[in-house]
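Below is one structure; the comments refer to it alone.
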Amino acid sequence: MAGAHQMPKGTSMNKILPSLLFASLIVTGVRALAAQERTAGTPQKPASTSQPEGRMENVEQDVLYASAKGTELHLDVYQPANRSAAPRPAVILIHGGGWTDFDKSTMHGMGMFLARSGFVAFSVDYRLFRGTENPWPAQLDDVQLAVRWVRANAEKYYVSPDRIGAFGHSAGAQLAALLGMEDTRDNADPALAKYSSRVQAVVAVSGPTDFTTESNPDGIAFLDSFLGGSYAQRPGIWKEASPVFHVSKENAPFLIVHGTQDDSVAISQAQELYEKLRAAGVSVSFIKVDDGHTFRTPEARRRLAIETAAFFERNLGTKE
């Protein structure tokens, strides 16, 4: 395995685990967006993401979408306050946490923001890796199930089944990326067999993209366990879990966002994915933000929210 892991200094899977505080970004940052934009000197937000005062979004929590090996999986639904004339685009929100921690609640702020912007957002839970329980690819199977469940329930939630995007942070970004690249891995559920798990647009924030370059001993040890064996033993699995090895011209459009000061996942991981997508002819944008892994500054949080809504509007069509 020597020589196979050459991750840039500062990147380590074991550093991802305690540092994924995306709840701070989403819950406090995006929630404060409207107030920030009323301050003097704040750049004008695109008209498509304006938020009328006094509107209340519809939130449905803890909806059961699947049961996987005895584990019930739930999602939260964020809908615009007013019913549109036509079905709306949908966005799957996937939380981070190193595949071992956090839950769908950390995406509450982004869910509310997207609902105010005219989308129907679904923040999903997935099985977490705990010791030897739920190793890869349980997490991918679960989020693919969530996409197919949304399509199966498109009429109920008044969404367009052909206009579904995915937004993920860190570990969630790795999962979101694969939703825009791969077809259903496990199609055993007959009720959902006819529905695709592919999404039509992906926003990947602070995400790892190439596990084969890991060099930190603790990070390698974690991946050995998470992926069911070392790189030398199971190179195919390590590559299957790495989005950079799934790049093709058929991939969905991507928006990649990464902090230049990220000391948990090196920006070179985002750069590698960007370059490979671009070489394959995929529509891809890469935004470098002068901030860390969880985007602490109001400016970084605001830019992420606005760029995300604008990207989904461009690639999933109009909201009304």
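Coordinate-derived values only; no laboratory data. These figures come from a predicted structure and were not determined experimentally. Glycine gets a Cβ as well: all are built from the backbone with ideal geometry, and neighbour counts include every protein chain shown.
Descriptive notes on the structure:
- Relative contact order of segment 196-320, defined on C-alpha pairs under 8 angstrom at six or more residues apart (%): 29 percent
- Around Arg198: net Lys/Arg minus Asp/Glu count, Cβ-Cβ under 11 Å: -2
- Restricting the calculation to Cα atoms, segment 95-242 yields a radius of gyration followed by a Dmax of 15.7, 49 Å.
- Charge dipole (Cα centre; +1 on Lys/Arg Cβ, -1 on Asp/Glu Cβ; no other charges) of segment 99-227 amounts to roughly 660 debye.
- Note that segment 69-162 carries a Kirkwood radius of 13.9 Å, evaluated over its alpha carbons pair by pair.
- Straight-line reach from Lys239: taking Cα to Cα under 17 Å and skipping same-chain neighbours fewer than 8 places apart, the aspartates and glutamates in range are Asp141, Glu182, Asp183, Asp210, Glu214, Asp224, Glu272.
- As a rough guide to protection, the peptides 93-99, 237-243, 165-171, 281-287 ranked by mean Cβ packing within 10 Å, highest first, stand as 165-171, 93-99, 237-243, 281-287.
- Measuring against 31 Å, Cα to Cα, the residue pairs Lys104/Lys288; Lys69/Lys104; Lys156/Lys276 contain Lys156/Lys276 as the ones spanning a longer distance.
- Between Arg234 and Arg314, the FRET efficiency estimated from the beta carbon spacing at R0 = 45 angstrom works out to 0.70.
- Using 0.36 nm per residue and subtracting the Cα-Cα separation, the extra length available between Arg278 and Lys194 on full extension is 27.1 nm.
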